[in-house]
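Asks: First the structure, then my questions, so here it is.
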Amino acid sequence: MPTDRPLVEALLDAPLGVTLLGWLEAQQRTDLNWAHDDMPPSPDAVDRAVGAATDMSFGALLDAAVYLSCVYVGPWISDAPDTVAIGYGGADARRPIAEAVVARFGAELCAPFDSNAQEWWFDTVAVSRWVEHLAPLFRRYEDVYSSGQFTVAGLWSVSNPPAEVHENLLGSWELEIGPIARCTLPVPSGARVAEIHRPEDWAQLVMEHPRVGGPYPEWELPGINQRRARLTSLLSVPGQRAARVTMRNQLVPDWRSVADAYDGVHLSWAGFLTSEGCVTELPDGDVTILRYWGSDRTLWLNDVFGDPVVLPPPNAESAAPVSDELADQASTVFAQLMGR
């Protein structure tokens, strides 16, 4: 079940949440270089941002969030700690923007997993290498990315994202080599899916299925190639949840154990905005952090699927024809990945 913590408070607490609020205000100003100039929020600009948030589309909001998470506050961005520190510095003054976002989009952001809305995207050029190294899936759960925030033995799906966000999703997911195939992914209504709507939901999953994570090389939990000096301004922000330099262990899910309990783990758009890059304190000095998911996504851990049906590619008109060749390729790739 999702946490009861209000979404407004969770946005004001989260690295990506405060960054998005700062960006929304900055779009209403001409007197600062957003993410570089640490200027106090402007009450007039905040008021204008409230109106803009009320008028914008859901797709435009998601497009901004995905772009910011990847380009400005992603795990590989050297300036990210300063950007997040600036976001936290103005968060209280931007509460009205958070309230407007939640009032307009709260139900969509917190939408539960929908078995009828799942799409599987893959790069048609890179897929042969992907199949060669990973197939069949749902076997080697201990093969993980980074310190273990997800297992490469799983399959990703996304919940029918609006067209406005398609382009930035491709960049966030690193689907950048060749044409992209997009398919519906039939999922039975009885599939066992864990829901992540807040950082607390991720922490609960980790505590129920704990594993000590491997080395973490990025800026949030500095590794051997990172410098603590880059975090000075961020670490001085009271209550920030973007970085920790002392901890006992970083815990991640034991994905084999998770796969015994669930067929998939769904991160909603609200979960993405509040949990991506957000450090959660656990008992006994441990911490956990969800990273690298990049959007609403479901990480599948078991084969519960029907056969995929090819859709027009991202950003294409809904009536665009789908070639028989692409349909055959999708069926072949999917069968290889499933080991069918």
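The values are calculated or read from the model by the stated rules, or taken from the named source; none is laboratory data. Computed from a predicted model, the values in this text were never measured in an experiment. Note: ideal-geometry Cβ built from the backbone for every residue, glycine included; neighbour counts use all protein chains shown. Accessible surface is based on the protein model in full, side chains and every heavy atom, while ligands, DNA and RNA are left aside. Shrake-Rupley method; radii C 1.70, N 1.55, O 1.52, S 1.80 Å.
Asks: Could you state the principal axis extents of the C-alpha atoms in segment 1-126, from the largest down, to the nearest angstrom?
Replies: Largest first, segment 1-126 extends 44, 35, 26 Å along its Cα principal axes.
Asks: Let me ask something else. How much accessible surface does Asp328 have with a 1.4 Å probe, in Å² rounded to 10?
Replies: Accessible surface of Asp328 is approximately 100 Å².
Asks: Could you estimate the translational diffusion coefficient of segment 127-197 from the Stokes-Einstein equation, with Rh from the Kirkwood formula over C-alpha pairs, at 25 °C and 0.890 mPa s, in whole µm²/s?
Replies: D, rounded to a whole number, is 168 µm²/s.
Asks: For the Cα atoms of the chain, what angle does the longest principal axis make with the long axis of helix 80-89, in degrees from 0 to 90, nearest 10?
Replies: Its long axis makes an angle of about 50 degrees.
Asks: Could you report the accessible area of Ser331 in Å², rounded to 10, computed with a 1.4 Å probe on the protein chains as they sit in the structure?
Replies: Per-residue accessible area (Ser331): approximately 60 Å².
Asks: Same structure, new question: Could you order Arg230, Arg182 so the one with the most accessible surface comes first? Probe is 1.4 Å. Don't skip to the answer; put the middle values down first.
Replies: On the way: Arg230 115, Arg182 30 Å².
Highest to lowest solvent-accessible surface, that is Arg230, Arg182.
Asks: Points 7 angstrom from Cα along the Cβ direction at Glu208 and Ala103: gap in nanometres?
Replies: A separation of 3.5 nm, rounded to one decimal place.
Asks: Roughly how far apart, in whole Å, are the Cα centres of segment 195-238 and segment 242-280?
Replies: The distance from the Cα centre of segment 195-238 to that of segment 242-280 comes to 9 Å.
Asks: Moving to a separate point now. Averaging sequence separations of C-alpha pairs under 8 Å and six or more residues apart, then dividing by the length of segment 116-170, give the relative contact order as a whole percent.
Replies: Numbers: 39 pairs, mean separation 22.4, N = 55.
That works out to 41 percent.
Asks: Could you tell me how many cubic angstrom of Cα convex hull volume segment 267-340 has per residue? Walk me through the intermediate numbers first.
Replies: On the way: hull volume 10.9 nm³, N = 74.
Looking at segment 267-340, the number lands at 147 Å³ per residue.
Asks: Now for a separate question. Would you calculate the separation in nanometres between label points at Glu174 and Ala261, each defined as 7 Å from the Cα along the Cα-to-beta-carbon direction?
Replies: 2.8 nm
Asks: Continuing with the same structure: Dipole magnitude of segment 207-340 about its Cα centre, charges +1 at Lys/Arg Cβ and -1 at Asp/Glu Cβ only, in debye to the nearest 20?
Replies: 920 debye
Asks: Pairs of Cα atoms under 8 Å, at least six residues apart: use those to get the relative contact order of segment 250-290, whole percent.
Replies: 47 percent
Asks: Among residues other than Asp55 whose Cβ falls under 12 Å from its Cβ, what is the net charge (Lys/Arg +1, Asp/Glu -1)?
Replies: Counting the neighbours of Asp55, the net charge comes to +2.
Asks: Further question: To the nearest 500 deg cm²/dmol, what mean residue ellipticity at 222 nm is calculated for the chain from DSSP H runs of n ≥ 4 alone, each contributing -39,500 (n - 2.57), summed and divided by the residues?
Replies: -11000 deg cm²/dmol
Asks: I would also like to ask the following. Considering only protein heavy atoms and a 1.4 Å probe, what is the carbon-and-sulfur percentage of the accessible area of the chain? Each step should come with its number before you reach the end.
Replies: Working: 7390 of 14550 Å².
Heavy-atom surface of the chain belonging to carbon and sulfur, 1.4 Å probe: 51 percent.
Asks: What whole-number distance in Å separates the alpha-carbon centres of segment 127-173 and segment 21-98?
Replies: The distance from the Cα centre of segment 127-173 to that of segment 21-98 comes to 28 Å.
Asks: Just want to confirm a number: the relative contact order over the chain, from Cα pairs under 8 angstrom separated by 6+ residues, in percent.
Replies: Once normalised by length, the contact order is 24 percent.
Asks: What is the ratio of the Cα radius of gyration of the chain to 2.2 N^0.38 Å, with N the residue count, to two decimals?
Replies: Values: Rg = 19.9 Å, N = 340, 2.2 N^0.38 = 20.2 Å.
Taking N as the residue count of the chain, the ratio is 0.99.
Asks: Leaving ligands, DNA and RNA out of it, rank Trp173, Trp293, Trp23 by accessible area with a 1.4 Å probe, largest first.
Replies: These residues rank, largest area first, as Trp23, Trp173, Trp293.
Asks: What fraction, in whole percent, of alpha-carbon pairs in segment 187-340 exceed 20 Å separation?
Replies: 61 percent
Asks: Right, next: Note down the accessible area of Asp114, probe 1.4 Å, to the nearest 10 Å².
Replies: Near enough 70 Å² of accessible area.
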